[in-house]
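The values are calculated or read from the model by the stated rules, or taken from the named source; none is laboratory data. All values reported here derive from a predicted model rather than from experimental measurement. Here Cβ is always computed from backbone atoms with ideal geometry, including for glycine, and neighbour counts include all displayed protein chains. Remember, those area values only see protein heavy atoms, side chains included, never the ligands or the DNA or RNA. Shrake-Rupley method; radii C 1.70, N 1.55, O 1.52, S 1.80 Å.
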Amino acid sequence: KFRYYTVADYMYDTGLFKNTVTDDRYRTDNTDIRLNLRTNMDVALTKTTTMKLGVLAKFQEYNQAQFSNIYSVLHTLPAVAYPVRHSNGMYGASSIFTGDNPVAMLMDSGSRKLITGAMNANLSLCQNLDIVTEGLTAEIAASFDDIGTMYETISKSYMSRELSSSIAEDGTLVTLRNDVGDGSKVLKQGSGFYSLYMRFDLNARLMWNRKYDKHGLSAAAIYD
């Protein structure tokens, strides 16, 4: 009376960047988590009634640090352009090599998370109505599709120090300091939907298929 099929697929993938953040209020490591579930079931409710059920569910959560152009920074910034950190803990920066400190972008810029959920479900009932007239069947089917993607962001600022050197008229080396940023400890949080899609379909059919020797006759009434 029962025929069924079920498969579950789970994936946990990590990226190139480590979770080097020192603030335990958020995570900055690249992770991609996916869970897929598929199940089909055919049931003979009675000798003349059958039911079919199909469900497909998907979930994905993608997390990364709150950065935009870190790959460009890594490819264009010389390794010795400035110190990663100064002795006072402030991040290094340079007025010559513009752009953010890549370590600061990973550790103290916040995080960004994308969450996607989807479900596709369908259910149908088929009734043999030979008791009314031979070849007559009735079927009703419903399907529901739902998929949505939302985001969660955490943003924070950090302080960096630029050092610039020049030669004074007397020949001495003069180093100027320029501190940039406020280094706020307050996290700015945001969330919302990128997209949300829902659809419901209902289909009803009354079908008649009858054979007379070498001839056949069929008809159908369909509501969708």
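For region 100-129, taking the residues that are open to solvent by less than 60 Å² (accessible area, probe 1.4 Å) and charged (D, E, K, R), the one that is nearest to Lys52 (Cα to Cα) is identified as Lys113.
Quick one: would you say Ser87 is assigned to a loop (DSSP other than H, G, I, E, B) and over 25 Å from the mean Cα position of the chain (by Cα)?
Details: assigned to a loop (DSSP other than H, G, I, E, B): yes; over 25 Å from the mean Cα position of the chain (by Cα): yes.
It is true that Ser87 is assigned to a loop (DSSP other than H, G, I, E, B) and over 25 Å from the mean Cα position of the chain (by Cα).
Annotation: of all residues in region 183-208 being over 26 Å from the mean Cα position of the chain (by Cα) and part of a strand (DSSP E or B), the one that is farthest from Ser143 (Cα to Cα) is Trp208. The single condition among (1) assigned to a strand (DSSP E or B); (2) of a type outside the set (Gly, Ala, Ser); (3) open to solvent by less than 70 Å² (accessible area, probe 1.4 Å); (4) farther than 30 Å from Ala118 by Cβ that Lys211 does not satisfy is (3).
Every listed requirement among (1) over 30 Å from Leu37 (Cβ atoms); (2) open to solvent by less than 40 Å² (accessible area, probe 1.4 Å) is met by Lys188 save one, (2). Cβ separations smaller than 7 Å between residues 6+ apart or across chains give the following pairs from region 130-144 residues that are at negative phi and open to solvent by less than 40 Å² (accessible area, probe 1.4 Å) to residues that are part of a strand (DSSP E or B) and of a type in the set (Phe, Trp, Tyr): Leu136/Trp208.
If the condition is being of a type in the set (D, E, K, R) and over 30 Å from Asn128 (Cα atoms), then region 1-33 contributes Asp9, Asp13, Lys18, Asp23, Asp24, Arg25, Arg27, Asp29, Asp32.
Within region 1-52, the residues that satisfy the criterion of being assigned to a strand (DSSP E or B), acidic (Asp, Glu) and under 24 Å from Thr149 (Cα atoms) are Asp9, Asp13, Asp32. Of all positions in region 77-100, none carries a residue that is of a type in the set (S, T, N, Q), touching a residue at least 12 places away in the same chain (Cβ under 8 Å) and in contact with a Gly (Cβ under 9 Å, 6 or more places away or on another chain). Listed by position, the strands (runs of 3 or more DSSP E) enclosed by region 93-181 that each have at least 1 residues that are among the aromatic types (Phe, Trp, Tyr) and under 27 Å from Asp29 (Cβ atoms) are 136-155. Going through region 145-161 one residue at a time, which ones are touching a Phe, Trp or Tyr at 6+ places or on another chain (Cβ under 8 Å), without any contact (Cβ under 8 Å) to a residue 60 or more places away in the chain and farther than 19 Å from Ala57 by Cα? Tyr151 - this is the single residue of region 145-161 that is touching a Phe, Trp or Tyr at 6+ places or on another chain (Cβ under 8 Å), without any contact (Cβ under 8 Å) to a residue 60 or more places away in the chain and farther than 19 Å from Ala57 by Cα.
Can you name the residue in region 54-69 that is part of a strand (DSSP E or B) and open to solvent by 70 Å² or more (accessible area, probe 1.4 Å) and is also nearest to Ala104 (Cα to Cα) among such residues? Explain how you work it out, then say what you get.
The initial filter retains those residues of region 54-69 that are part of a strand (DSSP E or B), namely 54-65.
From what is left, the residues that are open to solvent by 70 Å² or more (accessible area, probe 1.4 Å) are 58-59, 62.
Working: Lys58: 34, Phe59: 31, Tyr62: 21 Å.
That would be Tyr62.
Test Asn36 against the stated conditions and say whether it is within 30 Å of Gly135 (Cβ to Cβ) and surrounded by 15 or more Cβ atoms within 10 Å (Cβ to Cβ).
no
Evaluate the following for Gly171: is it under 32 Å from the mean Cα position of the chain (by Cα), of a type outside the set (A, V, I, L, M, F, W, C) and open to solvent by less than 60 Å² (accessible area, probe 1.4 Å)? No, not satisfied.
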